[in-house]
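Undergrad: For reference, the structure I am asking about is given below.
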């Protein structure tokens, strides 16, 4: 498209990234932002078709590396969140202190995801005994079931993934695809027999990400995050940032090593 054609369609220059990006999303008919809940966009046919093609690349990589697809419930009971918050806080404190988590005593209460989730507290006219929330991510739900699936070392490695919608109460200014409250979300979760196999999985994860980003022609930076920017509860995080047209970076994927 020539500069004259762009001007006719009202496309701002790419140097003004915020305006350019908003215009491209709208002109490309990717999503409709006029749905009456902020940060929850309606996928339009062309946008959804593009997303399904990207999902297809992801599915192919997962099948190539022997991951099995699962689909966990959207709702998670509150007591699991409380349990996770306590564990995450203990792991985070142990990591920052450089000691084994089993050596720590921990009594402090933490909020964790509580301020970011959407709550369900009634079913019809009945108040629920245990409130539930919409998943912001699925560690809590999946790791509750994993011990039921893993009965001995012969059940390992366990390599699962799912592509689902997740929900986070994003309080900052929303922006289609970049910062939304309903997220089209890919997550893979694995369990391994020992440290060597777990670390090999991280290496494979980065290979998968590289393949996907290469297929999508996205320039990326892969880096191990400092302790302050490590995912809560993880021993370390390796994140993948795409380089945007304005020179800034945007995190598009991450790998977390949880140890035990």
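The values are calculated or read from the model by the stated rules, or taken from the named source; none is laboratory data. Small disclaimer: the values here were computed from a predicted structure and weren't measured. Reconstructed Cβ throughout: ideal geometry from the backbone, glycine too, with neighbour counts over all protein chains shown.
Undergrad: Using the structure shown, decide if residue 45 is at pLDDT 95 or above, surrounded by fewer than 16 Cβ atoms within 10 Å (Cβ to Cβ), more than 21 Å from residue 170 (Cβ to Cβ) and touching a helix residue (DSSP H, G or I) at 6+ places or on another chain (Cβ under 7 Å). Show your work before the answer.
TA: On the way: at pLDDT 95 or above: yes; surrounded by fewer than 16 Cβ atoms within 10 Å (Cβ to Cβ): yes; more than 21 Å from residue 170 (Cβ to Cβ): yes; touching a helix residue (DSSP H, G or I) at 6+ places or on another chain (Cβ under 7 Å): no.
No.
Undergrad: Let me ask something else. Going residue by residue through the stretch 194-210, is there one that turns out to be touching a strand residue (DSSP E or B) at 6+ places or on another chain (Cβ under 9 Å) and more than 26 Å from residue 149 (Cβ to Cβ)?
TA: Scanning the stretch 194-210, I find at least one residue that is touching a strand residue (DSSP E or B) at 6+ places or on another chain (Cβ under 9 Å) and more than 26 Å from residue 149 (Cβ to Cβ), so the answer is yes.
Undergrad: Here is a check on your reading of the model: is residue 50 at pLDDT below 95 and in a helix (DSSP H, G or I)? Can you show your working first?
TA: Details: at pLDDT below 95: no; in a helix (DSSP H, G or I): yes.
No; evaluated as a whole, the condition is false for this residue.
Undergrad: In the stretch 130-180, which residue that is without any contact (Cβ under 8 Å) to a residue 24 or more places away in the chain and closer than 30 Å to residue 18 by Cβ is surrounded by the fewest Cβ atoms within 10 Å (Cβ to Cβ)?
TA: 172
Undergrad: Oh, and also: Of all residues in the stretch 240-260, how many are under 15 Å from residue 201 (Cα atoms) and at pLDDT 90 or above?
TA: Matching residues across the stretch 240-260 total 4.
Undergrad: Exactly one condition in (1) more than 30 Å from residue 17 (Cβ to Cβ); (2) in contact with a strand residue (DSSP E or B) (Cβ under 7 Å, 6 or more places away or on another chain); (3) surrounded by fewer than 18 Cβ atoms within 10 Å (Cβ to Cβ) is not met by residue 259; state its number.
TA: Of the numbered conditions (1) more than 30 Å from residue 17 (Cβ to Cβ); (2) in contact with a strand residue (DSSP E or B) (Cβ under 7 Å, 6 or more places away or on another chain); (3) surrounded by fewer than 18 Cβ atoms within 10 Å (Cβ to Cβ), the odd one out for residue 259 is (2).
Undergrad: Residues that are over 29 Å from residue 208 (Cα atoms) and either touching a strand residue (DSSP E or B) at 6+ places or on another chain (Cβ under 7 Å) or at pLDDT below 85 (or both), at least 3 per element: which strands (runs of 3 or more DSSP E) completely within the stretch 77-183 meet that?
TA: Strands (runs of 3 or more DSSP E) meeting the threshold: 119-123, 126-134.
Undergrad: Among the residues of the stretch 213-241, what is the count of those that are buried (at least 16 other Cβ atoms within 10 Å of the Cβ), out of contact with any helix residue (DSSP H, G or I) (no Cβ under 7 Å at 6 or more places or on another chain) and within 18 Å of residue 58 (Cβ to Cβ)?
TA: 2
Undergrad: Further question: Which of (1) in a strand (DSSP E or B); (2) at pLDDT below 95 is the odd one out, the single condition residue 223 does not satisfy?
TA: With (1) in a strand (DSSP E or B); (2) at pLDDT below 95 applied to residue 223, the lone miss is (2).
Undergrad: May I pose another question? Tell me whether the stretch 17-37 contains one or more residues that are assigned to a helix (DSSP H, G or I), in contact with a strand residue (DSSP E or B) (Cβ under 7 Å, 6 or more places away or on another chain) and under 21 Å from residue 161 (Cα atoms).
TA: The answer is no; no qualifying residue exists.
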